[in-house]
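Working notes for the structure below.
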Amino acid sequence: MIGLDFGSTTSSAMVATAAVGLNSTTGRMAFGTPEITYRSGLVFTPFDNENIDPARLSLYLDQWIAESRIHCEEIFAGGAIITGLAGKQANSESIARLVRDRIGEAIIATADDPRLESWLAFMGSCSTLSQAHPEKAFINIDIGGGTTNPALGINGNVISTGCFFVGARHFRFEPGAYRLIGISFYGQQLLKYLMIDKTIGDFLETFETDAILDFYVAALEAIVVGESGFFTSGISKLHQQVPFCLDQNLPEAVISFSGGVGELIYSFSQGKAVPKTTFYGDLGIDLALRILKSPRLSAHVRTLMPENMGRATVYGLTVHSTEVSGTTIFIPDPQILPCRDMPVVARLTLDAGRKTIADALSLVLTSRKGGCIQVFENANPSQQENANGRRMPASLAEVRGFATRLAESWERSERVADRPIVLLVPENYGHALGNYASDWGRSPAKLIVIDEIPDRHAHFVNIGRMHNNIVPVTFYGVR
């Protein structure tokens, strides 16, 4: 498995290996404990003026592949993500395609996917810590060069995500001084709001950097306490890309940090030396020090430390972006795979009616690439639980009933033989559902049913090639 993270400031790669087998707790097919076999050094994201430089990026890819000693055809799953200000560049989508073409079909490659970035950072940074304290809510704040990506989670499960244009690199300096050599659009607008009349080549005074940091810290404090009103107008609204919603009934959350600024926060909290002025050419050092002075933001910094801090996103990409199917999948023609960039068009329960199923199928068949429908157990709160406290699996009658209504829906369509129809189901009845729906393989429909896939709120999935009767399912475009 491989992860590639191209951020506003730095880029990095990670490779991990893991066995696949039955999880003794959940009873599902899953990855075992991953072993990180390669971590690249951090490099500055290669920019050519305002765009990412494809030639230099290709050289980094070649270097990482050579150093990790991997063969691209051996990659089972993974992802590449272009985040923060890098994801806003005009050529970011073409760079994503370049990475996908270079590394291979097994990975996702996406640009400017802020909710996915927030989710990945939580999973890569503090999911283990969150699971160790299941009674506590955690808010992970991933602060990079261009964006701050918060995610709220309980017991390792992410509940809410957001994204804000608060970061260290909206103001770039000549290292060693506060002489401006670059200002982002958001930085320019903030200077106007603060009535600071400075431009490229000028030096920022101490009171001016303090005013910038005051705004950033106020925004971060509003994020962690759910003060959504802070972002309803003016300069604050401009800095909000995706709102972050907090349930006010939740207990006070533990605040953790990741990203480049997060790594500095934990380093300084342990008494490690502070680098010289603008050592990294931005406000990262200053912002980390100011966060440590905020009682609201730094309350748990010295007592609950997450893992992977500065590399949380790339770790999340490598280890957490992909689920493994069960072994009772229904794929009559494995040559259909891989299926890339498939839209998730609907979320249905097994008791969905004919019209609901027909409407979802219509959406699948209007997509040139086909589409994916997530299927869940019937939403019945009185459903019995077994001795382990897990809900009883769906009955054969429920599976057969859903399959029958699905088959009736596509009998009236001429496109079912042209576009893949992917069903993701949570339990191990994929083969049975597929056989019933396809009339035991006699239907012309390009049906794929992949089982034992837990719920992920996402807009798109990639379905990889089959390996030993299992397939990887990678989600992105997290809702």
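Since every read-out is calculated from the coordinates, none of them should be taken as a lab result. Since the structure is predicted, the reported quantities are computational estimates derived from the model, not experimental observations. Ideal geometry is used to build each Cβ from the backbone, glycine not excepted, and the neighbour counts take in all protein chains shown.
Counting only residues 5 or more places away or on other chains, whose amide H sits under 5 Å from the amide H of F279 once H atoms are built in the peptide plane?
G176
Assign one of three labels to region 2-112, namely rounded, prolate or oblate, based on the Cα gyration tensor with a ≥ b ≥ c the square roots of its eigenvalues; rounded applies when a/c is under 1.5, prolate when it is not and a/b is larger than b/c, and oblate otherwise.
prolate
What is the fewest-to-most order of R179, R169, R405 by other Cβ atoms lying within 10 Å of their Cβ?
Arranged by neighbour count, lowest to highest, R179, R169, R405 become R179, R405, R169.
Stokes-Einstein at 37 °C, 0.692 mPa s, Kirkwood radius from Cα pairs: D for region 117-309 in µm² s⁻¹?
Roughly 195 µm²/s, to the nearest whole number.
Ignoring everything except DSSP H segments at least 4 long, calculate the 222 nm mean residue ellipticity for the chain; use -39,500 (n - 2.57) per segment, divide by total residues, nearest 500.
Computed ellipticity for the chain at 222 nm equals -9000 deg cm²/dmol.
Which value, in debye to the nearest 20, gives the size of the charge dipole of the chain about its Cα centre, when Lys and Arg are +1 and Asp and Glu are -1 at the Cβ?
Result for the chain is approximately 340 debye, rounded to the nearest 20.
In whole angstrom, and with the biggest value first, how far do the Cα coordinates of region 418-475 range along each principal axis?
So the extents along the principal axes, rounded to whole Å, are 31, 25, 24.
Take each complete run of DSSP H in the chain, measure how far its Cα atoms stretch along the helix's own axis, and keep only those covering 24 Å or more with mean Kyte-Doolittle hydropathy at least -0.5; list them.
206-225
Using packing as a proxy for protection, rank 55-68, 338-351 so that the peptide with the highest average count of other Cβ atoms within 10 Å comes first.
Answer by packing, highest mean first, reads 338-351, 55-68.
How are the Cα pair distances of region 325-478 distributed, in percent, across 10 Å bins from 0?
11, 44, 36, 8, 1
Net charge near F44, counting Lys/Arg +1 and Asp/Glu -1 over other residues with Cβ under 14 Å of its Cβ? Display every interim value, and only then the final one.
On the way: positive: R56, R169, R172; negative: D5, D48, D53, D282.
For residues surrounding F44, the net value is -1.
Starting with the highest mean, order 235-245, 270-280 by the number of other Cβ atoms within 10 Å, averaged over the residues of each peptide.
235-245, 270-280
Which of rounded, prolate, oblate describes region 202-304, given a ≥ b ≥ c as roots of the alpha-carbon gyration tensor eigenvalues and a/c under 1.5 marking rounded, otherwise prolate only if a/b is larger than b/c?
Working: a/c = 2.39, a/b = 1.21, b/c = 1.97.
Here region 202-304 falls in the oblate category.
How many nm separate the modelled label positions at T33 and R296, each set 7 Å beyond the Cα in the direction of the Cβ?
Result for the modelled spin labels: 4.0 nm.
Run the reach check for K237 against lysines, Cα to Cα strictly under 27 Å, same-chain hits fewer than 8 apart removed. What comes back?
Hits, sequence-local ones excluded: K88, K192, K198, K293.
Show me, for region 325-339, the HN-Hα J-couplings you get by feeding each phi into the Karplus relation (A = 6.51, B = -1.76, C = 1.60, θ = phi - 60°), rounded to Hz, glycine and proline as x.
3J(HN,Hα) across region 325-339, in whole Hz: 5, x, 9, 9, 7, 10, 9, x, 10, x, 5, 4, 7, x, 10.
In nm, to one decimal, how far is the A218 label point from the E93 one, both placed 7 Å along Cα→Cβ?
3.7
Using amide H atoms built in the peptide plane, which far-off residues or other-chain residues are under 5 Å from V471 H to H?
Excluding prolines and chain starts, which carry no amide H, the hits are S325.
I'd like the GluC sites (Glu not before Pro) in region 258-323 restricted to DSSP loop residues with at most 16 other Cβ atoms within 10 Å, sorted by number.
Working: sites: E263, E307, E323; in loops: E307.
Passing both the DSSP loop test and the Cβ count: E307.
What residues qualify as long-range amide H neighbours of L423, i.e. H under 5 Å apart, gap of 5 or more or another chain, H built at 1.01 Å from N?
Result for L423 returns I373, I448, V449, I450.
Hand me the GluC sites (Glu not before Pro) from region 410-479 located in a DSSP loop with no more than 11 other Cβ atoms within 10 Å, in residue order please.
E411, E414
For the chain, what does the convex hull of the Cα positions come to per residue, in cubic angstrom?
It is 155 Å³ per residue.
Highest mean first, what order results for 78-86, 198-206 on Cβ atoms within 10 Å?
Final packing ranking: 78-86, 198-206.
Within straight cross-link reach of K446, meaning Cα distance under 19 Å, which lysines are found once same-chain residues fewer than 8 apart are removed?
K369
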